[in-house]
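Below is one structure, written out as structure tokens, with a few remarks after it.
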Amino acid sequence: MDKGLYVNKVKITHAGRPLLAIDTHVTPGEVVTIMGPSGVGKSTLLSAITGTLSPDFSLSGQIRLNGRDLTGLPPDKRGIGILFQDALLFPHLSVGANLAFGLKRGGTKAERRARIEATLAEVGLGGFAPRDPATLSGGQRARVALMRMLLSEPHALLLDEPFSGLDAELREQVRKLVFDHAKARGLPVLLVTHDEADAIAAGGRVVRLK
Amino acid sequence: MAQSRRFYRLALFPALTVLVLLGPVAAGLWGTVLPAFGHFPAAGVSGPSLDAFRDLFNWPGFGPAMRLSVTTGLAAAILSLTITALILAGWSGTRGFRILERLLSPFLSVPHAAAAFGLAFLIAPSGWIARLFSPWLTGWDRPPDLLILNDPWGIVLTLGMVMKEMPFLLLMSIAALGQIDGRRRMALSQSMGYGRMSAWMFAVFPAVYARIRLPVLVVLTWSMSVVDVAVILGPSTPPTLSVQIVRWMSDPDLAFRLQAAAAALVQLALVIGAVGLWFLGEKLVARLACLRIEAGHRGHHDRPLRLAGFATGTAISLALLLGLLSLAIWSVAGFWSFPDLVPDQLTARNWVRHYSSSQDAFFETMLIAITAVAIGLILTIGCLETEHRRNLRLTQRGMWLIYLPLIVPQTAFLPGLQTLLLGFGLDMGRAPVVTAHLVFVLPYLRLSLDGPWQAWDTRQATVAAALGASHDRVLWRIRLPMLLAPLLTAIAVGLAVSVGQYLPTLLVGGGRIETLTTEAIALAAGGDRRAIGVFGLMQTAAALLPFALALPALVWRNRKGLLHG
């Protein structure tokens, strides 16, 4: 079985003009960093993988995840998690409800609740379930966003400059947390950044887009 | 298979919306053209003939009625736009501006009829203003025999329209200002030595105007063809052309319908002509402004103009406020002799007397409004969501489509709609009235939801989808709850629009659907101020109450992230 995330000869064009071309493979537990100046199409590549590419762009090549061809699948059927620079917690839901939104279906109400509480405790946020996300600090939000994503049990993780909004000390903490959790679950991770420190911390291959 | 089914389901909303929006307009125009050219089987005539036009041209009031429609309409539009520009140029971005905005915006949803009655109660010979200065200044101990209301030149009518349309244009401009970088344009021009007002007019206004051009056209065509305000404040012999059309439409003699249809086409032609004239005027003003810019006028002495703008804005909001207040006082007035400022006694008798009829009208009004808004909301959200999922953007042409029902004069197509319904033998009941209201409710729903909908961060949808949520789940669980505040506002706007509709209710309802608005305006001729006070106040309350309910602060009181905006 071809485990991992395959980005096979993907070419993205915008209005007929070639934007980027990439061919890479991320094995489970590996972090591949994609670097390049802004405007090079890093985010476009991520939206191609999540399935939210605007129709102004056209895509050739193939994206496969654990042997499954993702091309043409709607975003919710791809099993690809993504974290953005902002935590993007749903502001109308409590912290617990945000996690419940991510948590895979199944289990009784009590089981789900216990699972969410345990997850919060795991990242040092025990008892935070009823809180309003707007009252959380930046680091706390980032942790909730990560756990919400992991509870949906994705098969791969995309990171769209997720650490650039945090200050230096916090950045290191959150970075370590994200990479540790991804490795522990054996997720292939694709990190998009323009920060060399992120690439070094990721410790994996670096693909440079020009 | 599933893919194509989804395709059809999604294309359904835009198609239905266009049908609901334009169907009645097109059908109504067709129903106007037929009788205008002598084809009206219900009255036993079949054309084609030009008799209707001949009768119309032979009506002695034809020339004056046309002239009135054009002059009052153009004057109201020009004045509304000028005052709006004056206020914005003199004050935008200042504390004074925020005060004016707060003074004026609550009146946006006050029905035109109630505002017009309020103005009438203020300035009538026996109104509050005359009472205030009598007898110590004027020497009047009886209401003077002056023709203030319904003056033959339509001056009061024009003022009444400006009073309601200026706040509309002002708020549309404020929305437009948010899309352009007005502050920096101002700072740049002022640093080159331009005075405040000149800087704003030269550097900011052109960009604002480009964005409010359609609302300005709405104001122009509405002012030329309005019926309810013209019945209350306008002259009566002859009235404006639109009022005359409605009079003919209400005549028991069906033969007058032909003349009404012919007049409706003339009204349409007048409006088209005036819009053409307006476009020419735009060019002329732009040319003049360019000449002024070339000459390098800095315009430093703008203090009097600034004050004039502020004074006018304050006066308008004061007139609206005092007008509504005098409606309220008349509704509880017992004996009230001239020139006393307040009634001798206050009484609940007027309310008791009109209790059952006003209650029936209230429920009818709300039933129609809620049905129209519910249907309109489903269509609007369906369209917005379709555009989001297929990554479509509303083009300039699409915007025109949305504004079209507001730009085509109501008196041009609603009479035809009634004639068509009559011809098909269809019952002119509640359902057609709701359909007619939808034509006017839909554009406002779309206009008030469009901005917030597009401003929503679509990464929220990406995150939710990455968490395994389908399109529908994202819509119901994330997007709509997050947009609750603008949704409630849109609902309130839609209800207010429906509550205020006069002509669609009167004509399409065949005179048998009695809402607060039709009842209030039916009272205009009688001049029973106490009854007008009761119905005018009820109408205002029906339009404004939904805004009190639009308090998402209650639903989201524990969610800081949703409380501002």
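The values are calculated or read from the model by the stated rules, or taken from the named source; none is laboratory data. Since this is a predicted model, take the numbers as computed values, not measurements. Note that each Cβ is placed from the backbone with ideal geometry, even for glycine, and that neighbours are counted across all protein chains shown.
What number of residues within the stretch B:56-109 are over 19 Å from residue B:244 (Cβ atoms) and assigned to a helix (DSSP H, G or I)? Walk me through how you get there before you give the answer.
First, pick out the residues of the stretch B:56-109 that are over 19 Å from residue B:244 (Cβ atoms): B:75, B:77-109.
Subset that is assigned to a helix (DSSP H, G or I): B:75, B:77-91, B:95-109.
Looking only at that region, the number is 31.
Residue under question is residue B:183, and the condition is that it be out of contact with any helix residue (DSSP H, G or I) (no Cβ under 8 Å at 6 or more places or on another chain), under 20 Å from residue B:533 (Cα atoms) and not assigned by TED's automatic domain parsing to the domain that holds residue B:518; does it hold? For residue B:183, the condition - out of contact with any helix residue (DSSP H, G or I) (no Cβ under 8 Å at 6 or more places or on another chain), under 20 Å from residue B:533 (Cα atoms) and not assigned by TED's automatic domain parsing to the domain that holds residue B:518 - is not met. Residues satisfying the criterion are present in the stretch A:120-132 (criterion: buried (at least 18 other Cβ atoms within 10 Å of the Cβ), modelled with pLDDT of 95 or more and not in a loop (DSSP other than H, G, I, E, B)).
Looking only at residues of the stretch B:127-137 that are surrounded by 18 or more Cβ atoms within 10 Å (Cβ to Cβ) and assigned to a loop (DSSP other than H, G, I, E, B), we find that the one that is modelled with the highest pLDDT is B:127.
From the list B:463, B:474, B:497, B:534, pick out the single residue that is β-branched (Val, Ile, Thr) and either in the same structural domain as residue B:233 (by TED's automatic domain parsing) or under 30 Å from residue B:408 (Cα atoms) (or both). It would help to see each step written out before you state the result.
Details: B:463 fails: either in the same structural domain as residue B:233 (by TED's automatic domain parsing) or under 30 Å from residue B:408 (Cα atoms) (or both); B:474 fails: either in the same structural domain as residue B:233 (by TED's automatic domain parsing) or under 30 Å from residue B:408 (Cα atoms) (or both); B:534 fails: either in the same structural domain as residue B:233 (by TED's automatic domain parsing) or under 30 Å from residue B:408 (Cα atoms) (or both).
Of the residues listed, the single one that is β-branched (Val, Ile, Thr) and either in the same structural domain as residue B:233 (by TED's automatic domain parsing) or under 30 Å from residue B:408 (Cα atoms) (or both) is B:497.
In the set (1) surrounded by 17 or more Cβ atoms within 10 Å (Cβ to Cβ); (2) under 18 Å from residue A:24 (Cα atoms); (3) free of Cβ contacts under 8 Å to residues at least 24 places away in the same chain, residue A:80 fails one condition alone, (3).
If you filter the stretch B:429-483 down to residues that are without any contact (Cβ under 8 Å) to a residue 60 or more places away in the chain and among the acidic types (Asp, Glu), you find that the one that is farthest from the other protein chains (Cβ to nearest Cβ) is B:472. Looking at the stretch B:12-50, which of its residues are part of a helix (DSSP H, G or I) and in contact with a strand residue (DSSP E or B) (Cβ under 8 Å, 6 or more places away or on another chain)? Scanning the stretch B:12-50 gives a single hit, B:34.
Looking at this structure, is residue A:86 among the acidic types (Asp, Glu) and either within 9 Å of chain B (Cβ to nearest Cβ) or crowded, with 18+ Cβ neighbours inside 10 Å (or both)? Walk me through how you get there before you give the answer.
On the way: among the acidic types (Asp, Glu): yes; either within 9 Å of chain B (Cβ to nearest Cβ) or crowded, with 18+ Cβ neighbours inside 10 Å (or both): yes.
Spelling it out, residue A:86 is indeed among the acidic types (Asp, Glu) and either within 9 Å of chain B (Cβ to nearest Cβ) or crowded, with 18+ Cβ neighbours inside 10 Å (or both).
Applying the criterion of at least 3 residues that are in contact with an Asp or Glu (Cβ under 8 Å, 6 or more places away or on another chain) to the strands (runs of 3 or more DSSP E) found wholly in the stretch A:24-117 leaves A:57-65.
A single member of B:488, B:503 is under 22 Å from residue B:107 (Cβ atoms) and within 14 Å of chain A (Cβ to nearest Cβ), and it is B:488.
Of the residues A:96, A:106, only one is out of contact with any strand residue (DSSP E or B) (no Cβ under 6 Å at 6 or more places or on another chain), surrounded by fewer than 17 Cβ atoms within 10 Å (Cβ to Cβ) and either at pLDDT 95 or above or not aliphatic (A, V, I, L, M) (or both); which? A:106 is the lone residue from the list that is out of contact with any strand residue (DSSP E or B) (no Cβ under 6 Å at 6 or more places or on another chain), surrounded by fewer than 17 Cβ atoms within 10 Å (Cβ to Cβ) and either at pLDDT 95 or above or not aliphatic (A, V, I, L, M) (or both).
Matching residues to (1) over 24 Å from residue A:193 (Cα atoms); (2) more than 9 Å from every other protein chain (Cβ to nearest Cβ):
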| residue | (1), (2) |
| --- | --- |
| A:37 | no, yes |
| A:43 | no, yes |
| A:55 | yes, no |
| A:58 | no, yes |
| A:62 | no, yes |
| A:69 | yes, yes |
| A:74 | yes, no |
| A:82 | no, no |
| A:97 | yes, yes |
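Evaluating residue A:103 against the criteria (1) out of contact with any Leu (no Cβ under 8 Å at 6 or more places or on another chain); (2) within 21 Å of residue B:461 (Cα to Cα); (3) facing chain B (nearest Cβ under 10 Å) leaves one unmet condition, (1). Among residues belonging to the stretch B:475-510 that are over 12 Å from residue B:546 (Cα atoms) and β-branched (Val, Ile, Thr), point out the one that is surrounded by the fewest Cβ atoms within 10 Å (Cβ to Cβ). Within the stretch B:475-510, the match that is surrounded by the fewest Cβ atoms within 10 Å (Cβ to Cβ) is B:478.
Assess whether residue B:173 counts as being of a type in the set (S, T, N, Q) and outside any helix (DSSP H, G or I). Against the criterion (of a type in the set (S, T, N, Q) and outside any helix (DSSP H, G or I)), residue B:173 does not qualify.
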